[in-house]
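In what follows, a single structure is set out as structure tokens and then discussed.
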Amino acid sequence: TNDMQTLTDAAQYAWDHNVIVVAAAGNNGNEEMYYPAACPHVIAVASVGMDDKVSSFSNYGTFVDLTSPGGYGPNDLGTWSPVSTTYHNAYAWAPIIGAVQYDGKVGTSMAAPIVAGLCGLLRALDSTHTPDTAEANLKLTSVNINALNSSYTGKIGTGRINAGAAVWYLANLLSVKTEKKESLLVFPNPCSGMFSIQLPASGKSCSMEVINIT
């Protein structure tokens with residue numbers, strides 16, 4: 001909970017060297033800021049359960065950027081948590097899906113690595129993906145869960161990560177970069193005059209004149 005300059009400097013150093021840093025928001029179930037999650041240039045992750053509701057143990061606050069699966073099911077009954085590759089011969093999932101030979105834990109420290117893994121997928125698609133563009137992608141494609149967490153509005157970031165949407169979005173950006181587009185499908189059709197195109201990745205927009213309609 002201490003805002004140490006050493007952590008801030010480390011996060012800045014990582015960002016300067018194009019390293020994506022993801023950190024857990026903490027497990028005190030309150031609004032207390034945890035570091036390095038609350039440091040600049042760090043993606044702070046809170047935890048949600050299988051019902052997309054904030055886990056009772058998870059910290060929250062304006063410093064949180066995103067939420068991710070970190071454990072527990074409806075009403076925190078402990079019926080669900082991320083499964084690791086650590087061996088365990090009597091995990092709690094056994095009554096639900098039979099004998100399981102893997103361990104499972106709950107916590108924001110389980111939610112954060114899922115986000116880090118997704119960042120790895122994005123980097124695998126595009127090695128030039130920067131910390132800033134990766135964070136922007138994750139936030140843009142996240143699922144808004146405010147309706148399920150009304151008391152946490154403004155304190156759980158942009159929502160719960162959506163791996164499929166994030167990868168799909170980046171893949172489509174890459175295809176746009178590599179393909180020459182000589183025509184566009186415009187709605188409504190027909191149209192005339194000028195129309196605007198918004199570029200979500202950069203936030204910029206441009207106008208194009210319609211010169212031919214087919």
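The values are calculated or read from the model by the stated rules, or taken from the named source; none is laboratory data. Bear in mind that the values here come from a model prediction, so they are computed numbers and not experimental data. Cβ coordinates were reconstructed from backbone atoms using ideal geometry, including for glycine residues, and neighbour counts include every protein chain displayed. Note: accessible area is taken over every heavy atom of the protein model, side chains too, but ligands, DNA and RNA are not part of it. Shrake-Rupley method; radii C 1.70, N 1.55, O 1.52, S 1.80 Å.
From Val22, Val48, grab the single residue that is touching a strand residue (DSSP E or B) at 6+ places or on another chain (Cβ under 6 Å) and closer than 14 Å to Gly107 by Cα.
Values: Val22 fails: closer than 14 Å to Gly107 by Cα.
Being touching a strand residue (DSSP E or B) at 6+ places or on another chain (Cβ under 6 Å) and closer than 14 Å to Gly107 by Cα holds for just one of Val22, Val48, which is Val48.
Looking at the range 133-142 only, could you name the residues that are among the aliphatic types (A, V, I, L, M), open to solvent by less than 60 Å² (accessible area, probe 1.4 Å) and more than 13 Å from Val19 (Cβ to Cβ)? Explain how you work it out, then say what you get.
Filtering the range 133-142 down to residues among the aliphatic types (A, V, I, L, M) leaves 134, 136, 138, 140.
Now restrict to residues that are open to solvent by less than 60 Å² (accessible area, probe 1.4 Å): 134, 136, 138.
Ala136, Leu138, listed by residue number.
Among the residues of the range 111-132, write down those that are open to solvent by less than 60 Å² (accessible area, probe 1.4 Å) and within 15 Å of the chain's Cα centre (by Cα).
Filtering the range 111-132 down to residues open to solvent by less than 60 Å² (accessible area, probe 1.4 Å) leaves 111-112, 115-120, 122, 126, 129-131.
Of everything in the range 111-132, those that are open to solvent by less than 60 Å² (accessible area, probe 1.4 Å) and within 15 Å of the chain's Cα centre (by Cα) turn out to be Ala111, Ala112, Val115, Ala116, Gly117, Leu118, Cys119, Gly120, Leu122, His129, Thr130, Pro131.
Could you run through the range 1-28 and say how many residues are under 20 Å from Arg160 (Cα atoms), open to solvent by 30 Å² or more (accessible area, probe 1.4 Å) and more than 16 Å from the chain's Cα centre (by Cα)?
2
List the pairs whose first member sits in the range 46-59 and is on the phi > 0 side of the Ramachandran plot, whose second member is at pLDDT 90 or above and open to solvent by 30 Å² or more (accessible area, probe 1.4 Å), and whose Cβ atoms are under 8 Å apart, counting only residues at least 6 apart or on separate chains?
Between residues of the range 46-59 that are on the phi > 0 side of the Ramachandran plot and residues that are at pLDDT 90 or above and open to solvent by 30 Å² or more (accessible area, probe 1.4 Å), the close pairs are Asp52/Val143; Asp52/Leu148; Asp52/Arg160.
Mind checking whether some residue in the range 78-94 is at pLDDT below 95 and assigned to a helix (DSSP H, G or I)? Give the steps one after another, and end with the answer.
Step one: list which residues in the range 78-94 are at pLDDT below 95, which gives 78-94.
Next cut, assigned to a helix (DSSP H, G or I) only: 94.
Within the range 78-94, one or more residues are at pLDDT below 95 and assigned to a helix (DSSP H, G or I).
Just to be sure I understand, how many residues within the range 34-50 are buried (at least 19 other Cβ atoms within 10 Å of the Cβ) and within 20 Å of Asn146 (Cα to Cα)?
Matching residues across the range 34-50 total 7.
Checking Asn162 against (1) within 12 Å of the chain's Cα centre (by Cα); (2) at pLDDT below 90, which test does it fail?
(2)
State all residues of the range 35-49 that are in a loop (DSSP other than H, G, I, E, B) and modelled with pLDDT under 95; if no residue qualifies, say none. Write out each step before concluding.
Of all residues in the range 35-49, those in a loop (DSSP other than H, G, I, E, B) come to 35-42, 49.
The answer is Gly49, and nothing else.
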